[in-house]
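Below: one structure, written as structure tokens.
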Amino acid sequence: MKNRKWLSLALAAVLLLSSIPVLSADEGARAWIFYRDQEDTEGKISYNLSDYTGKGTSIAVIDAGFDVTHPVFAAAPAGAYLHENIITRLMGEGRFVSEKIPFAWDYADGDGDVLNISGHGTSVASLAAGIYIGAGDIKQEDGTVLHESSFYGSAPDAQLLLMKAASEGLAKIDADAAAAAILDALRLDASAIVLNTYGLAADKDLAEAIARANEIGVPVFAGAGDTSLKAEDLSVLYTDRSTLTAAADL
């Protein structure tokens with residue numbers, strides 16, 4: 001549970017820094033945002049996020065697709081706990097990619113090809129847990145660094161469960177595929193789930209899957225604010241915010 005709270009905070013930072021409005025995170029994680037840098041007074045603890053690497057955790061990313069060959073996913077993370085034998089036993093053959101990406105599957109098309117050239121899923125997964133140590137910085141003639149070749153995501157030692165939930169060639173997320181992906185993420189003991197909500201509408205199975213994650217304490221992060229659903233289309237809370245997607249609302 002401690003790892004999940006750390007991961008909640010790290011992923012919230014990812015979404016905020018990338019200008020994606022955040023809805024969700026449990027009350028405990030939300031409270032930490034307000035006092036994480038304060039002194040240990042009144043029973044509140046000061047936390048240093050720089051010490052957190054995501055070691056011993058995993059992040060499920062549900063998106064339109066991923067490039068699993070990208071160098072940002074090449075390094076094996078410290079503290080990996082999902083190994084090929086575990087994945088094969090629990091999920092079957094053809095799902096394991098590497099220690100960094102122990103699980104990858106296309107839930108929309110029912111195969112192991114998760115590639116999508118849009119780059120969105122790859123970017124999200126990189127921000128969450130990517131790590132890349134380059135050969136050197138790119139510099140100007142005077143030695144000024146233009147670009148640091150090393151890259152660290154919010155939780156570089158976390159493993160990634162990459163779950164494609166859009167049919168080949170499409171960007172919109174399929175609700176049934178997303179629901180199945182969430183349940184498998186829970187089966188694999190994911191520490192957190194990041195869900196792309198593009199194109200998602202209200203769906204009973206998806207709502208039940210998100211509710212199950214909430215029930216057992218696995219935070220589900222979802223972007224919101226990029227659709228045009230009307231307030232009356234939303235089924236539960238935040239009915240005054242007309243641009244929230246139904247999935248983020250849950």
key: Whole-angstrom Cα spans of the stretch 74-221 along principal axes, big to small   = 60, 34, 29
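Order these peptides, 94-102, 168-176, 186-194, by their mean beta-carbon neighbour count within 10 angstrom, highest first. Spell out each step's value before the answer.
Details: 94-102: 19.4, 168-176: 17.0, 186-194: 22.2.
Highest to lowest by the protection proxy: 186-194, 94-102, 168-176.
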inquiry  = Can you compute 3J(HN,Hα) from phi for each residue in the stretch 97-114, using the Karplus curve 6.51 cos²θ - 1.76 cosθ + 1.60 with θ = phi - 60°, rounded to whole Hz and x for Gly and Pro?
reply    = 10, 6, 5, 6, 10, x, 9, 8, 7, 9, 7, 7, 10, x, 8, x, 8, 9
inquiry  = Check which residues have an amide H placed less than 5 Å from SER58's amide H, if you skip close sequence neighbours.
reply    = GLN159, SER191, ALA192
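Which value, in debye to the nearest 20, gives the size of the charge dipole of the stretch 62-206 about its Cα centre, when Lys and Arg are +1 and Asp and Glu are -1 at the Cβ? Mind dumping the intermediate values first?
On the way: 8 positive and 21 negative charges, 56 e Å.
Here the size comes out at about 260 debye.
With the contact rule set at Cα under 8 Å and sequence spacing of 6 or more, what percent relative contact order holds for the stretch 149-217? Kindly include the intermediate steps, with their values, before the conclusion.
On the way: 49 pairs, mean separation 21.8, N = 69.
The normalised contact order for the stretch 149-217 reaches 32 percent.
None of the figures in this text is laboratory data; all of them are computed from the coordinates on show. Worth saying up front: this structure is predicted, and the values here are computed from it rather than measured. Don't worry about glycine lacking a Cβ; one is built from the backbone with ideal geometry, like all the others, and counts go over all protein chains shown.
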